[in-house]
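These notes concern the structure reproduced below.
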Amino acid sequence: MAGVFLVHSPAARADDDGGFNEEGNIVIADQFNNRVIEIDPKNHKVIWQFGNGSDVPGPHSVVGTNDAERVGELTLISGTGIPPSMPPVLPGCSTPATGCPDNRVILVDRKGRIVWQYGQDHGVSGSGPDQLNVPVAATVLPNFHVLITDQSNERVIEVNLQKQVVWQYGTTGTTGAADNFLNNPNSAELLANGNILIADENNDRVIEVNRQKHIVHTFTAHGTVSGAAFASRLPNGDTLITDSNNSGIVEVDSNDDAVWQYVTNTRPGSITSPLPTRAVRLRNGNTLISDQFNNQVIEVDKAGTIVFTQGKIGASGAGNGFNQLNGPYDAKVVGDYTGLTPPPGSED
């Protein structure tokens, strides 16, 4: 199984995939279009896609994807699923009363073949071996294990390629705020010191926990964060938090003081509550933001000026429409993992 990760690092080239995996391209989890796409930011062109739009999980489909990252020439995708919804019915799900589950984390090659999977087929949910319940994020660790944020099971798990859980934070199925308890976790990443940084969404906090399952740091921007949807540790030691319910992004230092902020709902055309879900700091110092219900991915500089957009603000786009997204939940730049654990093969 370790052979699935024997892949080449990103390289700038034109090939039969029209520039697949070129550094600087952007991989986007296009949530309600049930797909992951790679786009060329120079012309907004989709140059690679996984997911045929179906709301039934299968070998060529993924439902309600919340997270994706390029691992060499493979793509790690969280098949989160679409939950039951109140009117108006969320697009991309034919059964709004029960939702459209997926409950898989999959690793896909450039030809769209699933080469590794954790979680059962047919959307089956559970907390036993090889089972998930609303996985919202995943990242490949340097030891080739996969760190999965298993939201509705209230846990973060580390699994090996043999699909064994080798570490867990959170008490399965139980919410709380003490050591080894979470409330709707939304992301997790491995830090350089070996600790795990977790966006504990419904506890309105980001926590750093050690391998002994103790909380060693808590970040809330002095109690102002509401709905911590994502967090990453920056090279300068600060922590970048997606403050979703406040429609914002906040960078806090080690004292939990806010040192940089950006709000997405004050720009022209924005809806009142876009609920941004991801903010990733790029090597150039800009921040790439998945502004979920504004249906855009935007890049802003330190001054808060928008320098790039993908998608049309306030307008959801179905299927393969040009420069259209539908609830984008995550976006990352190929070859630029600043603030994230670099997956194997990305920095050769």
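The values are calculated or read from the model by the stated rules, or taken from the named source; none is laboratory data. What you see is a predicted model, and the numbers here were worked out from it, not measured in a lab. Glycine also receives a Cβ, built like all others from the backbone with ideal geometry; neighbour counts cover every protein chain displayed.
May I ask you to verify whether Gly285 is on the phi > 0 side of the Ramachandran plot and buried (at least 23 other Cβ atoms within 10 Å of the Cβ)? Taking the combined requirement at face value, the residue does not satisfy it.
Taking the condition of being in contact with a strand residue (DSSP E or B) (Cβ under 9 Å, 6 or more places away or on another chain) and either over 24 Å from Val334 (Cα atoms) or surrounded by fewer than 16 Cβ atoms within 10 Å (Cβ to Cβ) (or both), how many residues in segment 256-268 meet it? The total comes to 8. Within segment 142-163, the set of residues being on the phi < 0 side of the Ramachandran plot, over 15 Å from the mean Cα position of the chain (by Cα) and in contact (Cβ under 8 Å) with a residue 60 or more places away in the chain comprises Pro142, Leu161, Gln162.
Listed conditions (1) in contact (Cβ under 8 Å) with a residue 40 or more places away in the chain; (2) closer than 12 Å to Gly314 by Cα are all met by Asn265, apart from (1). Residues that are among the polar types (S, T, N, Q), assigned to a loop (DSSP other than H, G, I, E, B) and closer than 25 Å to Arg205 by Cα: does segment 317-338 have at least one? Looking for residues that are among the polar types (S, T, N, Q), assigned to a loop (DSSP other than H, G, I, E, B) and closer than 25 Å to Arg205 by Cα, one finds at least one in segment 317-338, hence yes.
Check segment 91-106 and report whether any residue there is in a loop (DSSP other than H, G, I, E, B), in contact with a Phe, Trp or Tyr (Cβ under 7 Å, 6 or more places away or on another chain), modelled with pLDDT under 95 and not charged (D, E, K, R). Scanning segment 91-106 turns up at least one residue that is in a loop (DSSP other than H, G, I, E, B), in contact with a Phe, Trp or Tyr (Cβ under 7 Å, 6 or more places away or on another chain), modelled with pLDDT under 95 and not charged (D, E, K, R).
All conditions in (1) at pLDDT below 95; (2) touching an Asp or Glu at 6+ places or on another chain (Cβ under 6 Å) hold for Pro235, with the sole exception of (2).
Residue-by-condition table, conditions (1) outside any strand (DSSP E or B); (2) surrounded by fewer than 16 Cβ atoms within 10 Å (Cβ to Cβ); (3) under 22 Å from the mean Cα position of the chain (by Cα); (4) at pLDDT below 95:
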| position | (1), (2), (3), (4) |
| --- | --- |
| Arg211 | yes, yes, no, no |
| Val225 | yes, no, yes, no |
| Phe230 | no, no, yes, no |
| Leu240 | no, no, yes, no |
| Ser254 | yes, yes, no, no |
| Ala279 | no, no, yes, no |
